[in-house]
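Asker: Provided herewith is a single structure, encoded as structure tokens, for subsequent inquiry.
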Amino acid sequence: SKLAALFEHPLYNIPIPEVTENDKLFVVNPMEKFSLHSSASDEWVSSSKAEMLLPTGKTAYDTYPTWLKFHVGINRYELYPRRDPLMPTLLRDLATQKIVSSVQKSGGTQLKLIMTFPNYGQALFKPMKQTRDQETPIDFFYFSDFERHNAEIAAFHLDRILDFRRIPPASGRLVNITKEIRDITTDKKLAKTFFISPAGNVCFYGECSYYCSTEHALCGKPDQLEGSMAALLPDKTLAKRRSWRSPWRRSYHKSKKAEWELNPNYCAQVRETPPYDRGHRLLDLIDMTVLDFLMGNMDRHHYETFEKFGNDTFLLHLDNGRGFGTHSRDEPSILAPLQQCCSIKKSTYLRLQLLATQPYLLSDLLREALATDPLAPVLSEPHLRALDRRLRKVLEAVRHCLAR
């Protein structure tokens, strides 16, 4: 396994700083236990008050469902650890756990559903909108592009291979529209949008600001629909998140350009603006730029951080559905922060160099990571090959900076 060899490499074993209680997102009550409702049920309950003896040597933490262990493990430095023993179980849960509730997620330009499992875990479901080999038409503006379910899955694995670990775990899943959405939804607005197509397939379209209409309906075959299931982050009432507007945000206008597109010295003013004037925030943003360029994602208008950790923490790379839309062309403007600031973390640069070598070729690693997904193949071969080409362009941009 090339992936196993990569994670053994010294560049993937740089220790994170010691994690103190203040560096953890949650302080856990060591007495809080969880157990199954009854032996015949797969529903979980908190049983801290119940008379319950744990098997010898087991702690209360061992009784937590996997999604809760994931939430409890989040700290100032990482969303999940490099060698996370929970990851295979968490991905399997996303792909196989029984869905007991599905409602539409409010806001956003496209339809997304929040699915709930019997153990109270939740996932964000993005349905399939286009096939693996379709490319975004060349005349489309980035803001009128579809969100792709397979891009969400591939983005999670790519982010992990780059050792950023800032995207919540995501798995592919085949969902039954009738049994796992229509029949169990409590969302009245969503329920009104189901219909049977002329071909006899079950379809629905939900309510949203752009692609929610009969013309953009999502249809099963006859009721089976592919989608991505991403683990939801802790509820914002428990762990507040702050949303930051990206300094390199696009104008989202058909003819107007953003300031960074007109001013080659734009980075100088960013460097003087908090929070980019100190710490590693700008370097973290450039990490995100590299990830977006490799995916071809032009839609990074905001990013988020956990409020508890202030400015000294990692950026969450959320909402990656507009990545992997084109493989035949690259978008050099995505790299503007790297090219204008001529800065990159040394650790990121060394890992990128490693991923351009034959034993650890980026396309091979992502192909291997995606092979275990229930919807494999997640990406078509041209998309995987494009990664190696784009990686060479990132390294070329850094070399150009070094020469300057």
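Asker: If the requirement is being open to solvent by 10 Å² or more (accessible area, probe 1.4 Å), within 23 Å of Phe146 (Cβ to Cβ) and out of contact with any Ser or Thr (no Cβ under 8 Å at 6 or more places or on another chain), which of these qualifies: Arg392, Arg351, Arg322?
Answerer: When all the criteria are applied, what remains is Arg322.
Asker: State whether one or more residues within the stretch 212-221 are under 30 Å from Tyr349 (Cα atoms), open to solvent by less than 70 Å² (accessible area, probe 1.4 Å), part of a strand (DSSP E or B) and touching a Ser or Thr at 6+ places or on another chain (Cβ under 9 Å).
Answerer: No; the residues of the stretch 212-221 include none that is under 30 Å from Tyr349 (Cα atoms), open to solvent by less than 70 Å² (accessible area, probe 1.4 Å), part of a strand (DSSP E or B) and touching a Ser or Thr at 6+ places or on another chain (Cβ under 9 Å).
Asker: Taking the stretch 238-266 as the search range and keeping residues that are of a type outside the set (Lys, Arg) and within 18 Å of Phe70 (Cβ to Cβ), which one is least open to solvent (accessible area, probe 1.4 Å)?
Answerer: The selected residue is Ala239.
Asker: Another one. Which residues, taken from the stretch 261-304, are closer than 30 Å to Leu384 by Cβ, outside any helix (DSSP H, G or I) and of a type outside the set (Phe, Trp, Tyr)?
Answerer: Gly296, Asn297, Met298, Asp299, Arg300, His301, His302, Glu304
Asker: Scan the stretch 133-153 and tell me whether some residue there is touching a strand residue (DSSP E or B) at 6+ places or on another chain (Cβ under 6 Å), at pLDDT 95 or above and within 19 Å of Arg367 (Cα to Cα).
Answerer: yes
For every residue, the table says whether it meets (1) in contact with a helix residue (DSSP H, G or I) (Cβ under 6 Å, 6 or more places away or on another chain); (2) of a type in the set (D, E, K, R); (3) at positive phi.
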site: Glu304; (1), (2), (3): no, yes, no
site: Phe309; (1), (2), (3): no, no, no
site: Leu316; (1), (2), (3): no, no, no
site: Asp319; (1), (2), (3): no, yes, yes
site: His327; (1), (2), (3): yes, no, no
site: Glu331; (1), (2), (3): no, yes, no
site: Pro337; (1), (2), (3): yes, no, no
site: Gln340; (1), (2), (3): yes, no, no
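Asker: Go through the stretch 57-71 residue by residue and tally those that are farther than 30 Å from Cys212 by Cβ and buried (at least 16 other Cβ atoms within 10 Å of the Cβ).
Answerer: So the count comes out to 9.
Asker: The conditions are (1) modelled with pLDDT of 95 or more; (2) over 30 Å from Val27 (Cβ atoms); (3) among the charged types (D, E, K, R), and Lys240 fails exactly one of them. Which is it?
Answerer: Going through (1) modelled with pLDDT of 95 or more; (2) over 30 Å from Val27 (Cβ atoms); (3) among the charged types (D, E, K, R) one by one, Lys240 breaks only (2).
Asker: Pull out all pairs, ordered by first then second residue, where Cβ-Cβ is under 9 Å, the residues are six or more apart or on different chains, the first lies in the stretch 194-215 and is under 16 Å from Asn176 (Cβ atoms), and the second is of a type in the set (Ser, Thr, Tyr) and open to solvent by 30 Å² or more (accessible area, probe 1.4 Å).
Answerer: Phe194/Tyr205; Cys203/Thr214
Asker: Name the residues in the stretch 107-127 that are under 17 Å from Pro234 (Cα atoms) and either among the polar types (S, T, N, Q) or surrounded by fewer than 16 Cβ atoms within 10 Å (Cβ to Cβ) (or both), would you?
Answerer: Matches in the stretch 107-127: Thr116, Asn119, Tyr120, Gln122.
Asker: Quick check on my filter: what residues within the stretch 348-381 are among the β-branched types (Val, Ile, Thr), within 20 Å of the chain's Cα centre (by Cα) and not in a helix (DSSP H, G or I)?
Answerer: Once the filter is applied, which keeps residues that are among the β-branched types (Val, Ile, Thr), within 20 Å of the chain's Cα centre (by Cα) and not in a helix (DSSP H, G or I), the stretch 348-381 yields Thr372, Val378.
Asker: Identify, please: which residue in the stretch 81-105 is within 26 Å of Lys179 (Cβ to Cβ), part of a loop (DSSP other than H, G, I, E, B) and touching a Ser or Thr at 6+ places or on another chain (Cβ under 8 Å) and is, among those, most open to solvent (accessible area, probe 1.4 Å)?
Answerer: Among those that are within 26 Å of Lys179 (Cβ to Cβ), part of a loop (DSSP other than H, G, I, E, B) and touching a Ser or Thr at 6+ places or on another chain (Cβ under 8 Å), it is Val100.
Asker: When you check Ala230 against the structure, is it outside any loop (DSSP other than H, G, I, E, B), modelled with pLDDT of 95 or more and crowded, with 20+ Cβ neighbours inside 10 Å, yes or no?
Answerer: Considered against the rule, which asks whether it is outside any loop (DSSP other than H, G, I, E, B), modelled with pLDDT of 95 or more and crowded, with 20+ Cβ neighbours inside 10 Å, Ala230 comes out as yes.
The values are calculated or read from the model by the stated rules, or taken from the named source; none is laboratory data. Everything numeric here is computed off the predicted structure, so don't read it as measured data. Backbone-built Cβ (ideal geometry, glycine too); neighbour counts: all protein chains shown. What goes into the accessible areas is simple: the full protein's heavy atoms, side chains included, and nothing from ligands, DNA or RNA. Shrake-Rupley method; radii C 1.70, N 1.55, O 1.52, S 1.80 Å.
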